[in-house]
1. Give the shape of the stretch 110-171 as rounded, prolate or oblate, defined through the alpha-carbon gyration tensor: a ≥ b ≥ c are the square roots of its eigenvalues, a/c under 1.5 means rounded, and otherwise the shape is prolate if a/b is larger than b/c and oblate if not.
2. Using modelled backbone amide H atoms (1.01 Å from N, in-plane), which distant-in-sequence or interchain residues come within less than 5 Å of Val40's amide H?
3. With the contact rule set at Cα under 8 Å and sequence spacing of 6 or more, what percent relative contact order holds for the stretch 83-185?
4. Which of the trypsin sites (Lys or Arg not before Pro) found in the stretch 26-104 are in a DSSP loop and have at most 11 neighbouring Cβ atoms, other than their own, within 10 Å?
5. Please go through the stretch 55-161 and write out the GluC sites (Glu not before Pro) that DSSP classes as loop and that have at most 13 other C-beta atoms within 10 Å.
6. Based on Cα positions only, what radius of gyration and what Dmax would you give for the stretch 26-153, in angstroms?
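What follows is calculated from the coordinates using simple rules that are stated; it is not laboratory data. Keep in mind that this is a model prediction, so the values were computed, not measured. All Cβ positions, glycine included, derive from the backbone under ideal geometry; neighbour counts span all protein chains shown.
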Amino acid sequence: MTGTTTLEPALTAPTPTTPAPAAPAPAAPPRRHAVVSTAVGELTLVAEGDGLVGVYFAEHHPAPDRDGFGATVDPAGDAVLAAAAQQLGDYVDGRRDSFDLPLRPAGSERARQVWELVAAVPRGSTTTYAAIGRTVGTGPRVAGQLVARNPLCVVVPCHRVVASDGRLTGYAGGVDRKQALLQLEGALAEGATVVPKAPRPPEGSEPA
């Protein structure tokens with residue numbers, strides 16, 4: 001009896017497939033800004049990508065380059081600007097005592113070092129230009145110039161930096177706003193123009 005041979009089909013290696021390229025990550029939103037009204041006047045909020053890069057008063061001094069603020073947008077439609085507007089409004093109205101925002105200030109290494117010291121001064125306290133200068137290895141005048149370049153007013157509280165004798169010298173939004181913010185925070189008595197107690201120096205520095 002003749003048998004029947006069944007031939008198995010030849011096995012072939014599977015054809016390699018090229019994985020589909022990963023979808024590109026969505027581009028970070030470009031620089032943009034919004035103007036909001038608060039109890040301390042109009043503030044221009046500037047964002048880039050997922051971070052807040054600027055908070056400026058209407059008559060800010062020294063004046064920033066407003067051509068670099070990007071397009072004007074509705075803050076309600078922008079997560080970063082909406083959060084900043086809400087928290088700043090609550091802060092100056094006394095409903096909030098700190099901020100929780102993604103900050104991306106641009107500046108030199110020395111400037112960022114100074115701004116970090118300023119950010120570390122607790123609410124209700126102050127420090128001096130001289131104390132900051134000693135901490136970063138500069139004089140009070142240079143420290144004052146770096147403090148004045150802080151691009152995130154109120155949020156990074158440069159209003160908490162005063163003269164060695166407690167006087168309220170210089171502020172990007174004017175001395176009246178500096179006085180109002182310090183009174184709001186309890187560092188200054190109503191109507192006073194001089195911090196009555198010894199200012200608190202930054203961590204690791206000596207008293208002014």
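1. It comes out rounded by the Cα gyration axes.
2. none
3. Numbers: 107 pairs, mean separation 26.6, N = 103.
Dividing the mean separation by the residue count of the stretch 83-185 yields 26 percent.
4. Arg95
5. Sparse-neighbourhood loop GluC sites (Glu not before Pro): Glu59.
6. 15.2, 45
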